[in-house]
Amino acid sequence: MSSDSELIFEIKDLIKWFPVRTGLFSSFSGKKEFVRAVDNISFNIKKGEVVCLVGESGSGKTTAARLIIRLEDATGGQIIFKGNDIAGLKQSAIRKLRRNMQIVFQNPYESLDPRMTIFEIVSEPLHLMKICPGKEVAPRVIKALEDVGLYPAEEFNHRYPHELSGGQRQRVSIARALIVGPEFIIADEPASMLDANTRIEILNLLQDLQARYNMGILFITHDLAQARYLGDTLILLYLGKIIEKGEINLVIKSPHHPYTKALISNVPIPDPDAKRTRIDIEGEIPTAIHLPPGCRFSPRCPFAFEKCLDEEPELLMKHGRLSACWLD
Ligand SMILES: Nc1ncnc2c1ncn2[C@@H]1O[C@H](COP(=O)(O)OP(=O)(O)OP(=O)(O)O)[C@@H](O)[C@H]1O
Ligand SMILES: [Mg+2]
């Protein structure tokens with residue numbers, strides 16, 4: 001899939017800590033507490049590459065996505081878009097860059113304005129970003145609707161979101177993102193609210209569009225099977241940190257981190273070659289507020305030893321993929 005090694009994004013040491021409403025005790029003691037939603041992550045996205053950001057609920061996927069396209073301000077770090085750090089840019093400057101970076105949200109029932117027609121929804125970014133002369137708007141909308149498989153496109157123009165199925169609405173969301181000709185899109189769980197057949201259709205559509213326009217995609221999901229279906233590179237997040245990263249088939253075939261191993265051993269991904277022992281992990285993912293001093297996964301890790309409780313593991317290259325774990 002990724003045919004070009006040109007970098008779109010270089011994310012360096014990205015951090016987002018949200019202040020939490022503190023209890024009575026902490027407000028007396030004056031000690032501020034934070035959720036470390038994104039806690040120092042670095043990775044690149046190349047032109048035409050599909051990077052999958054995977055993790056359980058609360059691991060920081062959406063926060064990371066929103067930081068990258070500056071819908072949210074980072075607490076620290078660099079967001080280098082085609083050579084320029086955009087982390088500190090004012091929103092007026094960001095608006096000019098928006099046509100290069102679009103986002104498709106999870107819930108097509110909430111993300112489309114119910115009072116607007118499909119034509120108005122899909123054409124809106126052209127007006128907001130002043131992308132083309134008025135006479136080009138209608139043909140561009142038709143092309144965008146056709147690109148996402150809504151035929152005959154003219155018949156959709158005057159309809160409203162409530163007249164469409166969930167899958168059709170998600171196609172409209174994708175058309176709205178696509179119409180400005182972005183080089184990069186974020187798809188935040190774009191298929192998880194849909195039934196199984198529609199989910200596959202939407203994943204296939206993203207795959208087609210990615211190939212047709214050689215777009216970079218940051219695909220967010222908690223579902224490893226979806227990630228493998230679409231992705232080139234897998235990044236696994238745990239409590240705001242990258243714990244494993246690498247070429248997706250390599251990581252799924254031979255994961256290094258115990259958490260990755262556990263996730264993979266618990267999902268039905270067809271692979272006759274893989275020898276998998278099911279690993280069960282106790283407990284739920286905690287909130288990233290009171291983190292242990294060593295590895296943040298150590299309280300749930302069946303293999304944790306002394307060092308894991310004292311020292312936070314760095315993300316190091318282990319047999320062709322990066323893993324943050326003290327085990328060999
Ligand atoms: N605006 C905010 N204010 C305070 N805390 C926040 C805010 N947004 C997110 N968080 C917290 O940051 C952490 C990461 O949240 P985020 O939504 O990025 O996770 P996620 O991986 O996208 O989860 P999900 O799979 O449920 O969508 C969570 O603990 C969440 O409660
Ligand atoms: Mg999310």
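The values are calculated or read from the model by the stated rules, or taken from the named source; none is laboratory data. Note that the structure is a prediction, hence the values are computed from the model and not measured. Note that we place each Cβ from the backbone using ideal geometry, even for glycine, and neighbour counts take in every protein chain shown. Note: accessible area is taken over every heavy atom of the protein model, side chains too, but ligands, DNA and RNA are not part of it. Shrake-Rupley method; radii C 1.70, N 1.55, O 1.52, S 1.80 Å.
So here's what we get for this one:
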read-out	value
Tally, over the stretch 47-61, of residues that are in contact with a Leu (Cβ under 8 Å, 6 or more places away or on another chain), more than 11 Å from ligand 2 (Cβ to nearest atom) and open to solvent by 10 Å² or more (accessible area, probe 1.4 Å)	1
Check on residue 141, under 20 Å from residue 205 (Cα atoms), out of contact with any Lys or Arg (no Cβ under 7 Å at 6 or more places or on another chain) and at pLDDT 95 or above	yes
Any hit, the stretch 152-163, residues being buried (at least 19 other Cβ atoms within 10 Å of the Cβ) and either in contact with a strand residue (DSSP E or B) (Cβ under 7 Å, 6 or more places away or on another chain) or within 27 Å of residue 81 (Cβ to Cβ) (or both)	no
Conditions (1) open to solvent by 10 Å² or more (accessible area, probe 1.4 Å); (2) under 27 Å from residue 54 (Cβ atoms); number of the one not met by residue 170	(1)
Selected residue (only one of 275, 253 is of a type outside the set (S, T, N, Q), at pLDDT below 95 and closer than 19 Å to residue 50 by Cα)	253
Residues (within 11 Å of residue 41 (Cα to Cα) and open to solvent by 10 Å² or more (accessible area, probe 1.4 Å)) located in the stretch 227-241	241
Residues being open to solvent by 10 Å² or more (accessible area, probe 1.4 Å) and under 20 Å from the mean Cα position of the chain (by Cα) - total across the stretch 251-263	1
Matching residues, the stretch 46-102, being within 26 Å of residue 203 (Cα to Cα) and among the charged types (D, E, K, R)	46, 47, 49, 56, 61, 66, 70, 98, 99
Answer residue from the stretch 187-236, given it is assigned to a strand (DSSP E or B) and of a type in the set (Val, Ile, Thr) and is nearest to ligand 2 (Cβ to nearest atom) among those	220
Residue list for the stretch 173-208, restricted to those being surrounded by fewer than 18 Cβ atoms within 10 Å (Cβ to Cβ) and under 15 Å from residue 150 (Cα atoms)	198, 201, 204, 208
Among residues of the stretch 213-226, those that are aliphatic (A, V, I, L, M) and away from ligand 1 (no atom under 13 Å from the Cβ), counted	4
Filtered residue count, the stretch 86-101, keeping only those that are under 20 Å from residue 12 (Cβ atoms) and in contact with a Pro (Cβ under 8 Å, 6 or more places away or on another chain)	2
Condition check for residue 20: at pLDDT below 95, more than 21 Å from residue 83 (Cβ to Cβ) and either β-branched (Val, Ile, Thr) or open to solvent by less than 10 Å² (accessible area, probe 1.4 Å) (or both)	yes
